[in-house]
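The values are calculated or read from the model by the stated rules, or taken from the named source; none is laboratory data. Just so we're clear, the structure is a prediction, and the values are computed from it rather than from any experiment. Heads up, the Cβs are rebuilt from the backbone with ideal geometry, glycines too, and the neighbour counts pull from every protein chain shown. Quick note on the areas: whole protein, heavy atoms, side chains included, nothing else; ligands and nucleic acids left out. Shrake-Rupley method; radii C 1.70, N 1.55, O 1.52, S 1.80 Å.
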Amino acid sequence: MKIEVLTLFPDMFSAVMSESMMWKARERGLLDFQVHNIRDYAENKQRKVDDSPYGGGGGMILKADVLARAIEAVKPDDDAPVILLSPQGRVLTHRVAAELSQQPHLILVCGHYEGVDERARQVAISDEISIGDYVLTGGELAALVLIDAVVRLIPGVLGAEGAQHRDSHADGLLEGPHYTRPPEFRGLGVPAVLTSGHHAEVDRWRRRQALKRTWERRPDLLETAPLSEEDRAYLARLRGEAEA
Ligand code: 4FN
C-alpha cells in the first residue's frame with residue numbers, strides 16, 4: 001500500500017512513522033509512505049500558502065491554487081482517493097479503516113488555519129474523514145490516527161500474535177478485564193476461572209465480561225456487534241438484574 005500525506009508540518013510524521021509497527025510495515029515492503037510539504041507548491045517568492053477570508057472575519061484560509069497544485073503533483077492517473085481530514089467528514093470507525101486498508105493508494109490532505117478554500121475541495125478532494133468531535137489545530141494528528149488504524153489491517157504487518165489481537169477487536173465489543181503476574185497485588189487477587197485451566201470456561205467468562213463492559217460503558221456498540229443467542233440471553237439477564 002502507498003500512503004502519501006500532504007501537510008504544512010511534515011516533521012510531525014517522522015517520529016510515529018519510524019516507530020515499531022510502521023517501521024516493520026515499511027521494512028517488509030508492505031507500506032510505501034511519503035510526506036509532501038504543501039509549502040513546496042506555493043509559487044510566489046514569499047511561499048505564501050494562506051490568505052484572509054472573503055467576507056471578512058478572522059483567521060486564514062489555505063489557498064485553493066496551492067493545495068490543488070500540490071494534490072495534482074502527487075496524484076498520478078490512478079483513481080486513488082484523495083481524503084481530506086476534516087471535522088465535516090464521515091467518522092472513522094473500524095469498518096472505515098478496514099475499507100481503506102483494501103486500497104492500494106491513499107492520498108491524505110491535512111488542513112490548517114480555519115480550513116481550506118471550498119474550491120480546492122470541489123476540484124481535488126474525493127472524500128472527507130473525521131476522527132471525532134473535538135477541535136484540533138490541524139489535520140496531522142487525525143491523519144496519523146487514520147494511518148495507524150489502517151496500516152495494522154494490511155495483511156502481514158502484524159505477526160501471528162497481532163493478527164489474533166486484531167481479530168478480537170473485529171467482533172465490535174470492548175474487552176473485559178485482563179490480568180498477569182503476580183497472583184496477588186495489594187490484596188487484590190485474580191478471578192479463579194483464569195487459573196483453572198478450563199479453556200472453554202475461560203472463553204465463556206471472557207465473552208461475558210466483554211458483553212458486560214460494553215453494556216455498561218458503550219451500549220451503542222451492542223447495536224452493531226454480531227451477537228449469538230447465548231450473548232443475547234446473557235445481556236437480557238444483565239438488563240433484568242439492573243431493573244430489579
Ligand atoms: N480541525 C468542530 C467544528 C468546527 C471546527 C472544528 C475544528 C483543523 C483546519 C479544521 C477536527 C476534528 C476532527 C480532522 C471542529 C479533524 C479536525 C478531525 C480538524 C484546522 C480546519 C480543523 C464540531 C467537530 C468540534 C479545525 C467540532 N478529524 N476545526 O477542529 O481538522 O480530522
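Lysine pairs in the chain 8 or more apart or on different chains: how many have alpha carbons under 23 angstrom apart?
6
Considering Cα pairs under 8 angstrom that are at least six residues apart, work out the relative contact order of the stretch 176-244 and quote it in whole percent.
Rounded, it is 29 percent for the stretch 176-244.
Highest GNM mean-square fluctuation, the chain, Cα pairs closer than 10 Å: which of Arg206, Arg69, Arg181?
For the chain, modelled as a Gaussian network with Cα springs under 10 Å, the answer is Arg181.
For labels at Val190 and Gln34 in the simple 7 Å Cα→Cβ model, what's the distance in nm?
5.0 nm
Quick one: give the max-minus-min coordinate of the C-alpha atoms of the chain along each principal axis, largest first, in Å.
Cα extents, longest axis first: 71, 44, 39 Å.
Counting heavy atoms of the protein chains only and a 1.4 Å probe, report the per residue accessible area for the stretch 187-244 as a whole number of Å².
72 Å²
Write down the accessible area per residue of the stretch 1-42 in Å², having rolled a 1.4 Å probe over the full set of protein chains.
Heavy-atom accessible area per residue stands at 51 Å².
Taking Cα pairs under 8 Å and at least six residues apart, what relative contact order does the chain come out at, in percent?
19 percent
Treat each spin label as a single point 7 Å out from the Cα along the C-beta direction, and report the Thr137 to Asp78 distance in nm.
So the two model labels end up 3.3 nm from each other.
May I ask you to give the solvent-accessible area per residue for the stretch 48-131, in square angstrom, as obtained with a 1.4 angstrom probe?
Normalised by residue count, the accessible surface of the stretch 48-131 is 51 Å².
Mind telling me which of Ala143, Ala163, Ala25 comes out most flexible in a GNM of the chain, alpha-carbon contacts under 10 Å?
Checking each option, the largest mean-square fluctuation is seen for Ala163.
Just round it to a whole percent: the fraction of Cα-Cα distances in the stretch 86-155 exceeding 21 Å.
Summing the P(r) of the stretch 86-155 above 21 Å gives 24 percent of all pairs.
Given a 1.4 angstrom probe, I'd like the percentage of the accessible area of the stretch 16-101 that is carbon and sulfur, rounded to a whole number.
For the stretch 16-101, the apolar C and S fraction of the accessible surface comes to 49 percent.
Between Tyr234, Tyr41, Tyr54, find the one with the highest GNM mean-square fluctuation for the chain; connect C-alpha pairs within less than 10 Å.
Tyr54
Using Cα pairs closer than 8 Å and at least 6 residues apart in sequence, work out the relative contact order for the stretch 26-151, in percent.
Value for the stretch 26-151: 28 percent.
Ignoring ligands, DNA and RNA, what percent of the 1.4 Å accessible area of the stretch 119-167 is carbon and sulfur?
Of all accessible area on the stretch 119-167, carbon and sulfur atoms account for 53 percent.
Given the rule -39500 (n - 2.57) for each run of at least 4 DSSP H residues, summed and divided by the residues of the chain, what is its mean residue ellipticity at 222 nm, to the nearest 500 deg cm²/dmol?
The per-residue figure over the chain is -11500 deg cm²/dmol.
What distance in nm separates the simple spin-label points at Glu216 and Asp11, each placed 7 Å from Cα in the Cβ direction?
Going from the Glu216 label point to the Asp11 one covers 4.4 nm.
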